[in-house]
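Nothing in this text is a laboratory measurement; each read-out follows from the coordinates by a stated rule. Source: prediction; values computed, not measured. Glycine also receives a Cβ, built like all others from the backbone with ideal geometry; neighbour counts cover every protein chain displayed.
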Amino acid sequence: MLDIGWTELLVIGVVALIVVGPKDLPKMFRTLGQFTAKARNMAREFQRAMDEAADESGVKDVARDLRGMTDPKKMGMDELDKLKNWDPMKPDSPAKGKSGRTPAADASRDEDEDEAALDQIAHEMEQVRRERAPKTDADAAQPAGTGADTGAPATAPTTDPAPKA
């Protein structure tokens, strides 16, 4: 509030005692006390009115929502705290995996899916390579409408280069 030390208060008290006089000094302090009480009541009423206006406009709801959004537990940060003690060198326990099977069964199933996906990608890459392969002189010598200008390969593959498992 006001940065007034004890020495300043003492000087103000002595000046008030000299100017007002010892007879009227208690009446002046009573009046000053009533004035400060009214000022505090007005400040309290103003603060209450501001709080009510904030409640009506929804500021408190927004503030509560923002606090909730920044809550580390709701953001999953508490799960990261669990990783502080994680040791990658320790073998995992034979607990059940996501599918209810042991992790080894999940791993073998994942490897099979990975192999199938890799085979599919290899097959699609081979098709793209064939479509984008440079045309040979024999293809350029073909008359229009025979397949050379349509972008289709001149000879169709007879076997699939990447058999599916």
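Which net charge results when you count Lys and Arg as +1 and Asp and Glu as -1 among the other residues whose beta-carbon is under 13 Å from that of ALA37?
Residues near ALA37 contribute +3 overall.
Can you give the FRET efficiency to the nearest 0.05 for LEU118 and ARG64, using r as the Cβ-Cβ distance and R₀ = 45 Å?
For R0 = 45 Å, the calculated efficiency reads 0.35.
Please identify the trypsin sites (Lys or Arg not before Pro) of segment 1-46 that satisfy two criteria: DSSP loop assignment and at most 13 other Cβ atoms within 10 Å. Which are they?
Here the trypsin sites (Lys or Arg not before Pro) that fit, given the DSSP loop and packing criteria, are LYS23.
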